[in-house]
Amino acid sequence: MLQPVSARPVIEEFVKGIGMADGGFEKFDKAVHEQTGFHLDEQSPIEHVKAITVPTLVAQVPDDTMSRPEDVQSIYDALTVDDKDLHWIRGTEQCVRGYNYFGEHPDIPTNWFDKHLK
């Protein structure tokens, strides 16, 4: 799972960043609900990861300005598999650096897959 997040913290950080913190989340939630039929709080992987039954590697940039480490930790904690690992990608605040991280550090996923595909 590369950089899993719930919608609430992302949107809360977004509206705060654009100076719309007062009521911004509620307005955004209403607009999303009108377009999709789902509220933002329904758009979280936390309940769904409980169905995962395979070893899982989770990786996230903890200092990403649009997410929160506690959200990712909650997603990780909700995984019911015993064989799981959480890798924090340090040294950046840019989530895009997280998407390129394994290309720059292939040993991490390679070692993970070597361990689990034998």
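Compute the distance from the alpha-carbon center of region 30-51 to that of region 58-84, in whole Å.
For region 30-51 versus region 58-84, the Cα centre distance is 18 Å.
Working from Cα positions, state the angle (0 to 90°, nearest 10) between the long axis of helix 95-104 and the longest principal axis of the chain.
So the inclination is approximately 10 degrees.
I'd like to know which of Ile46, Leu2, His116 lies farthest towards the positive end of the charge dipole of the chain, counting +1 on Cβ of Lys and Arg and -1 on Cβ of Asp and Glu.
Result: His116, furthest along the dipole toward the positive end.
Where does the charge balance sit around Gln94 when Lys and Arg score +1, Asp and Glu -1, over other residues with C-beta under 11 Å from its C-beta?
-2
Restrict the search to region 1-84; then list the GluC sites (Glu not before Pro) that DSSP places in a loop and that have at most 15 other Cβ atoms within 10 Å of their Cβ.
Glu47
Once both axes come from the Cα atoms, what is the angle between helix 21-36 and the longest principal axis of the chain, in degrees from 0 to 90, rounded to 10?
80 degrees
Among the lysines, which fall within straight-line cross-link reach of Lys50, defined as a Cα-Cα distance under 16 Å, with same-chain neighbours fewer than 8 residues apart omitted?
Lys50 reaches Lys84.
Trp88 accessible area, nearest 10 Å², 1.4 Å probe?
Probe radius 1.4 Å; accessible area of Trp88 about 60 Å².
The values are calculated or read from the model by the stated rules, or taken from the named source; none is laboratory data. Remember, it's a predicted structure, so these values are computed and weren't measured experimentally. All Cβ positions, glycine included, derive from the backbone under ideal geometry; neighbour counts span all protein chains shown. These accessible areas exclude ligands, DNA and RNA; they are computed on the full protein's heavy atoms, side chains included. Shrake-Rupley method; radii C 1.70, N 1.55, O 1.52, S 1.80 Å.
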